[in-house]
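Read through the structure below, which is laid out as structure tokens, and then see the notes.
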Amino acid sequence: GISPAAADFDRDARAGDPDVPVRDYEAAVELTYIAAIAPWCALQADLQYIVHPGGKVRNPNDPTTRVDDAVVLGLRATVAF
């Protein structure tokens with residue numbers, strides 16, 4: 001969650017700009033899988049879905065909209081010598 005002080009600050013800022021979003025929460029869901037390719041090598045796939053990045057902050061590229069939810073994909077290789 002976003003701290004109550006930060007949310008109060010956003011509410012105060014709305015007095016000057018009614019388009020200021022009041023931040024509420026950010027959540028992440030993550031799935032990961034590790035596959036042993038060889039005794040010395042493993043690959044780990046990772047998928048993350050982020051809800052309300054930054055707690056619903058404004059989009060810096062278009063301040064009239066909020067930052068959209070995000071998907072993050074990753075792949076990690078581990079090699080042991």
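The values are calculated or read from the model by the stated rules, or taken from the named source; none is laboratory data. No experiment lies behind these values; they were computed from the predicted model shown. Here Cβ is always computed from backbone atoms with ideal geometry, including for glycine, and neighbour counts include all displayed protein chains. Note: accessible area is taken over every heavy atom of the protein model, side chains too, but ligands, DNA and RNA are not part of it. Shrake-Rupley method; radii C 1.70, N 1.55, O 1.52, S 1.80 Å.
Of all residues in segment 8-24, how many are in contact (Cβ under 8 Å) with a residue 40 or more places away in the chain and open to solvent by 80 Å² or more (accessible area, probe 1.4 Å)? Don't jump to the end; show me each part of the working.
Pass one, segment 8-24, residues in contact (Cβ under 8 Å) with a residue 40 or more places away in the chain: 19, 21.
Applying the additional criterion that residues be open to solvent by 80 Å² or more (accessible area, probe 1.4 Å) yields 19.
The total comes to 1.
Out of the residues in segment 1-29 that are in a loop (DSSP other than H, G, I, E, B) and among the basic types (Lys, Arg), which is farthest from Ala80 (Cα to Cα)?
Arg14
Every residue, every condition in (1) closer than 30 Å to Ala6 by Cα; (2) out of contact with any strand residue (DSSP E or B) (no Cβ under 8 Å at 6 or more places or on another chain), yes or no:
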site: Val20; (1), (2): yes, no
site: Ala27; (1), (2): yes, no
site: Thr32; (1), (2): no, no
site: Pro39; (1), (2): no, yes
site: Ala42; (1), (2): no, no
site: Ala45; (1), (2): no, no
site: Lys56; (1), (2): yes, no
